[in-house]
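A.B. asks: Dropping a structure here in structure tokens format, bear with me for questions.
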Amino acid sequence: MMIHLKKIAPAILITLASSEKVQACATCFGQSDSKLADGMSWGILTLIVVAYSVLIGIGAFFAYLVYRGNRMASQMEMTADAESNSNP
């Protein structure tokens with residue numbers, strides 16, 4: 001393990017000591033007006049919209065199930081009350 005580290009240590013040092021352009025892409029390095037940065041921003045926005053749309057859809061489905069359950073329960077109560085009042 002140590003021998004392997006000695007072989008790659010010079011490559012790591014050269015990479016770390018090289019220019020800043022090698023260490024970061026245009027988006028991370030500071031050219032925020034590039035097309036790459038715009039594309040990444042739109043991609044992030046798209047992922048956020050899709051994720052929240054799915055979560056809202058799931059929440060709406062469960063809210064509908066609660067609403068429907070409450071509606072069915074009230075209809076069953078009304079039916080039970082009507083049956084108990086009609087039978088003497």
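A.B. asks: In the stretch 61-88, which residue that is in a helix (DSSP H, G or I) and among the polar types (S, T, N, Q) is modelled with the highest pLDDT?
C.D. replies: Result: N70.
A.B. asks: In addition: What about G30, is it out of contact with any strand residue (DSSP E or B) (no Cβ under 9 Å at 6 or more places or on another chain) and at pLDDT 70 or above?
C.D. replies: Details: out of contact with any strand residue (DSSP E or B) (no Cβ under 9 Å at 6 or more places or on another chain): yes; at pLDDT 70 or above: no.
For G30, the condition - out of contact with any strand residue (DSSP E or B) (no Cβ under 9 Å at 6 or more places or on another chain) and at pLDDT 70 or above - is not met.
The values are calculated or read from the model by the stated rules, or taken from the named source; none is laboratory data. No experiment lies behind these values; they were computed from the predicted model shown. Neighbour counts run over all protein chains shown; Cβ positions are idealised from the backbone, glycine included.
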